[in-house]
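Single-structure report; data block below.
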Amino acid sequence: MSEQGRKVVIVGAGPAGLMAALHAAKEGANVTVLEHSKHACLKLGITGKGRCNVTNARPMAEFREKVPQGFDFLQSAFAYYSNVALRCELERMGVPTLVERGDRVYPSNGDAQTVRRALIGAAQGAGVQLRTDVHDVEVLRDGTNFAVHFSDARGNRCAERGSALLLATGGCSYPATGSDGSGYSLARALGHTVTPLRPTLVGLCVANALTAAAGEELRNVRVALLRKGECLAEEQGEVMCERLGFGGSAVLRLSRLVTMAEERDGFSLSIDFKPGLNRAKLRGRIAREREERPREPLSSSLRALLPAKLVLPVGRRAGVPLNRGWADLRAHDVECLVQTLKGMRFDVVGHEGFERALVTAGGVALDEVHPETMESRLVPNLYFAGELLDVDANTGGFNLQIAFSTGALAGSHLGRG
């Protein structure tokens, strides 16, 4: 970094902000990053259940089907900084990666903190100044420059001035990690439109939750989202039973259809606990159980088909006598059990909100931002990156790639001036 380089201020030290800072510094800029939390990149440190799904290894063109909002806008960012470029840069930082099921890319050691520390270290090594625990940020135009006023940890009012400003504050999701939505107010104050904000990749609450099974993770189940009986979409993967409903990757991927709907009534989830067996094969499996263990109580023998915590609620929903053996079941009982195992229905009554959402849908309107640079069309030398923009994607590393790609692209132009 050159002391005489362009002075750049970045608000937000998440993945987008730190990647932008690193790339701006590489271009010779004098970069200061302001972060609301006491520690930078907190959210990154807990992503992927603490393992950090940094990106997805599939070809960038195939991201389209996983990015429901903003893919066309993002093409320049993806072309400039792809998943391959990200993995190479992480390798140079000392963070090798590996590809797992679903083309998900993780650090080889499975530790999100390694990625977090590497990003912070790379930025600071490039000369970036990082100021954390800043509050009450206000942006003023100072001629052609920006004056960013804020309170430090002691409550003192301070200011950083620069000829270019990047807002990379993240969304409203998981505010405990510092994503408090303040960037939207800053964008509005600078004249930008913010589209309606809604949580996505969020757990769904249901009227008849499996409360007794809270904490149980169901692997390889199929979940369908229905509205007034019509199937809108279905996903196969993990489902987490929670006190008020369901989470897990399969449910999170369906949640956008619920949270983005103008009217949220009439939704339901249908869970197929045995997607590898059609109804005929499931009946055959039950027939074998009946032959091998005719007198064993269903409360015990059903554990061959279900996790122990689900036996009681599934049995009750099917209306079968769990204290009886298979031999005591009527044909009608068996059919009710098959129907329940292949499609147990739950009425959706809400979602877990921004407090538990992984991503915010909505944000700074894309038609007000140059996709080739991430610079504002309204305010010269103002840039945006990451979740603050009106872009969002599915689980699987796609949202982090958006953050890294838009941050890298914005940073390169911030640094060049």
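The values are calculated or read from the model by the stated rules, or taken from the named source; none is laboratory data. What you see is a predicted model, and the numbers here were worked out from it, not measured in a lab. Positions of Cβ are generated from backbone atoms using ideal geometry, with glycine treated the same way; all protein chains shown enter the neighbour counts.
Looking at the structure I just gave you, is residue 247 on the phi > 0 side of the Ramachandran plot and either modelled with pLDDT under 95 or within 21 Å of the chain's Cα centre (by Cα) (or both)? Taking the combined requirement at face value, the residue does not satisfy it.
The number of residues in the range 368-412 that are more than 23 Å from the chain's Cα centre (by Cα) and surrounded by fewer than 23 Cβ atoms within 10 Å (Cβ to Cβ) comes to 12. The set of residues in the range 300-315 that are closer than 22 Å to residue 206 by Cα and either modelled with pLDDT under 95 or surrounded by 18 or more Cβ atoms within 10 Å (Cβ to Cβ) (or both) comprises 306, 310, 311, 313, 314, 315. Restricting 81, 106 to those that are under 30 Å from residue 195 (Cα atoms), among the aromatic types (Phe, Trp, Tyr) and in contact (Cβ under 8 Å) with a residue 40 or more places away in the chain reduces the list to 81.
For every residue, the table says whether it meets (1) among the acidic types (Asp, Glu); (2) modelled with pLDDT under 95; (3) assigned by TED's automatic domain parsing to the domain that holds residue 141.
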residue	(1), (2), (3)
174	no, yes, yes
186	no, no, yes
209	no, no, no
216	yes, no, no
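Within the range 61-80, does at least one residue satisfy the condition of being of a type in the set (Val, Ile, Thr) and either within 24 Å of residue 377 (Cα to Cα) or part of a loop (DSSP other than H, G, I, E, B) (or both)? Scanning the range 61-80, I find at least one residue that is of a type in the set (Val, Ile, Thr) and either within 24 Å of residue 377 (Cα to Cα) or part of a loop (DSSP other than H, G, I, E, B) (or both), so the answer is yes. Remark: pairs (first residue in the range 396-407, assigned by TED's automatic domain parsing to the domain that holds residue 53; second residue assigned to a helix (DSSP H, G or I) and at pLDDT below 95; Cβ separation under 6 Å; 6+ apart in sequence or on different chains) = 396/102. Residues in the range 326-343 that are surrounded by 20 or more Cβ atoms within 10 Å (Cβ to Cβ) and touching a residue at least 60 places away in the same chain (Cβ under 8 Å): 341 alone.
Within this structure, residue 204 passes the test of being crowded, with 16+ Cβ neighbours inside 10 Å and more than 25 Å from residue 42 (Cβ to Cβ). Residues in the range 88-147 that are within 30 Å of residue 189 (Cα to Cα) and in contact with a Gly (Cβ under 6 Å, 6 or more places away or on another chain): 146 only. Could you look through the range 279-296, keep only residues that are at pLDDT 95 or above and out of contact with any helix residue (DSSP H, G or I) (no Cβ under 9 Å at 6 or more places or on another chain), and pick out the one that is farthest from residue 343 (Cα to Cα)? Result: 284.
Taken over the range 211-259, residues that are small (Gly, Ala, Ser) and part of a loop (DSSP other than H, G, I, E, B) amount to 4.
Would you say residue 219 is free of Cβ contacts under 8 Å to residues at least 40 places away in the same chain and under 30 Å from residue 13 (Cβ atoms)? Against the criterion (free of Cβ contacts under 8 Å to residues at least 40 places away in the same chain and under 30 Å from residue 13 (Cβ atoms)), residue 219 does not qualify.
For first residues located in the range 129-149 and closer than 15 Å to residue 163 by Cα, partners that are among the basic types (Lys, Arg) and lie 6+ apart or on another chain with Cβ distances below 9 Å form the pairs 142/161; 145/7; 145/161; 146/161; 147/141; 147/161; 148/161; 149/157.
I need the full set of residues from the range 353-367 which are touching a strand residue (DSSP E or B) at 6+ places or on another chain (Cβ under 7 Å) and crowded, with 17+ Cβ neighbours inside 10 Å, in order please. Within the range 353-367, 354, 357, 359, 360, 361, 362, 363, 364, 366 meet the criteria.
Somewhere in the range 96-112, is a residue assigned to a helix (DSSP H, G or I), of a type in the set (A, V, I, L, M, F, W, C) and farther than 18 Å from residue 411 by Cβ?
Looking for residues that are assigned to a helix (DSSP H, G or I), of a type in the set (A, V, I, L, M, F, W, C) and farther than 18 Å from residue 411 by Cβ, one finds at least one in the range 96-112, hence yes.
Please work out if residue 131 is of a type in the set (Lys, Arg) and out of contact with any strand residue (DSSP E or B) (no Cβ under 9 Å at 6 or more places or on another chain). No.
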